[in-house]
Structures are given as C-alpha cells and as structure tokens.
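Only one structure is covered here, and it is reproduced in the block below.
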C-alpha cells in the first residue's frame, strides 16, 4: 500500500526548522544564537539532514554558506512548511491571547435571544478572528456529536464529566391567561393540580413541582399536562391562548405579564431558583474562545442580578 507520508517519515522535521534558520541567518553561529542551541548541534542537524535526504543542501566555505540546487528547492518548501506549522500551532494554542476560530454555542431559544446572542455579538465585534454560531434548542444536544464548544443549560447540567460554571439563576412563575385566572379560587398550588396544564416536553417530569409558601410550608404538586410543547415559545403562546396553567422562567414572561396577557398565580408560593450554567468539555487547557465566552456570560449574569 502506498504511504503518502513516506518522505516525511524519512526526515526529522526539526531539522527543517534548523535548516531554514541557517539559511535565513546566513551562518551556523547566528542560527544557533537565534534558536538558543549550540553551534555544534546546528551543524549536526544539517549533516544528518543531508544524510537522510542523500543529497548536499549547502556548500560551506570559510566566508559564507551557499545553497545547492536541491538545497534551494528544499528551502522554499521548508519555509512554507515551517510557517504553516507555526500558524497552526498559534491557532490551536489555548494560551493564545486572541480568541479565534469558530465558537459553537447552544442554549434555549428564549434565553439565547435575550442574553446569549447579545454576548456573542459583542465577542464577535471585539475579536475579528472569532466566528460564532448559535444553535437554539430547548433540548440537551449531544455536545460531541454536534461539535458544541459551550452549552448554556437552564437547570441540571447533564453531560457528566464536563466542566460547568454557574453564570446566573432565575425564578419560575406559575401563570395563566387573565380569563382563566379569574375563574380560579385556589389558595395553594395543590388545589390547582387538577386544572389543565401546559408543559415543556424538553424537561424531565414537566408537570412535577415543589412550591414553598408562607412560613416555609412546602407543597409537592403533580400536574397532568394536557398540552406539551418542545419550546418555551410555543408553551407561552398556548398559555396566552388560554390552554391551561403553566410554569415558565420569569424572563420569558416579562412582556406578557407587563401587557396583561398572562397573570402570575399565587405569587406568595415560590419555586426554588434554577441555576444557569455554562457546560463545556473537560480538557487540560480550555480553549481561549471558550474562556472568553464563559467570562462574558458570567459578567452578563452579574449585571442582570
């Protein structure tokens, strides 16, 4: 079978770096100084390179170095190889001061529109070498299969073994349309559990909640959803249309509550705050683009608290 890398395997690529340095420095001693190694080591690399190639690449005189014809061709190719390798290492290095490449982020649509998209827009403007792609989904996507760099999760982080950073928290409200709310006489959440309920199918147990009321009283409530939807936007629209009661993040309800299209029920009974987390693969060196996004999200979370 033909091996396309047979030529590369015959040569120590470090020798190409030394060879390019010698040509550009004009002498073995200057190349040694620039590389930070002994002149004898530079000389040894050149000898071994010629032995590996089976040709002479340069003629050394007392005054100067002159490239042979094979040496000239090798230098032009080696310079491109060394430059390309240096560029690749700089781009891949997580210690690079400038975020670069493509950052793929996923989050629920509503939170993404309000918080994630503005943060990504600022990052993109601030770092010209960084491209961004936002994937809106209320479901937990497979980060490896979807090549996701960071997932912003509302609630449980999922993806065991990944790193997580808490970037904020939000409250959830029990709401209904004004027409539906007017007919309700319940004093506690448990008295509402037989009412029609609109649930978010993207979460586990979409009808099960634990409310804490006055004086620390706790009621565990199990609604039976008659209407399920996979996105908060559809759930919200169904609630506005009067399809039933529902529980959604407060930040997705502000406009409807302000306009009077939805009413918060039993505000003295509260659900525990839900954490917002950034989830990303656990690696020894977190890519600079990921660190920049997570830091920006933490800052955005602090401003909204």
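Run residue 183 past the list (1) at pLDDT 90 or above; (2) in the same structural domain as residue 294 (by TED's automatic domain parsing) and report the number of the one that doesn't hold. Going through (1) at pLDDT 90 or above; (2) in the same structural domain as residue 294 (by TED's automatic domain parsing) one by one, residue 183 breaks only (2).
For region 198-230, the set of residues classified as in contact with a strand residue (DSSP E or B) (Cβ under 8 Å, 6 or more places away or on another chain) and touching a residue at least 40 places away in the same chain (Cβ under 8 Å) consists of 198, 199, 200, 209, 210, 211, 212, 213, 219, 230, listed by residue number.
Would you confirm, using the coordinates I've provided, whether residue 195 is outside the structural domain of residue 292 (by TED's automatic domain parsing), outside any strand (DSSP E or B) and in contact with a strand residue (DSSP E or B) (Cβ under 8 Å, 6 or more places away or on another chain)?
Values: outside the structural domain of residue 292 (by TED's automatic domain parsing): yes; outside any strand (DSSP E or B): yes; in contact with a strand residue (DSSP E or B) (Cβ under 8 Å, 6 or more places away or on another chain): yes.
Judged against the criteria, residue 195 is a match.
With outside the structural domain of residue 232 (by TED's automatic domain parsing), in a loop (DSSP other than H, G, I, E, B) and either at pLDDT 85 or above or over 16 Å from the mean Cα position of the chain (by Cα) (or both) as the only criterion, which of 63, 114 stands out?
Working: 114 fails: in a loop (DSSP other than H, G, I, E, B).
Selected residue: 63, the only one of 63, 114 that is outside the structural domain of residue 232 (by TED's automatic domain parsing), in a loop (DSSP other than H, G, I, E, B) and either at pLDDT 85 or above or over 16 Å from the mean Cα position of the chain (by Cα) (or both).
When region 42-60 is filtered for residues that are part of a helix (DSSP H, G or I) and out of contact with any helix residue (DSSP H, G or I) (no Cβ under 7 Å at 6 or more places or on another chain), the ones remaining, listed by number, are 44, 47, 50, 51, 52, 53. Out of everything in region 38-52 that is within 12 Å of residue 12 (Cβ to Cβ) and in contact (Cβ under 8 Å) with a residue 24 or more places away in the chain, what residue ends up being surrounded by the fewest Cβ atoms within 10 Å (Cβ to Cβ)? Ranking the candidates gives 52 first.
The values are calculated or read from the model by the stated rules, or taken from the named source; none is laboratory data. Just so we're clear, the structure is a prediction, and the values are computed from it rather than from any experiment. Note that each Cβ is placed from the backbone with ideal geometry, even for glycine, and that neighbours are counted across all protein chains shown.
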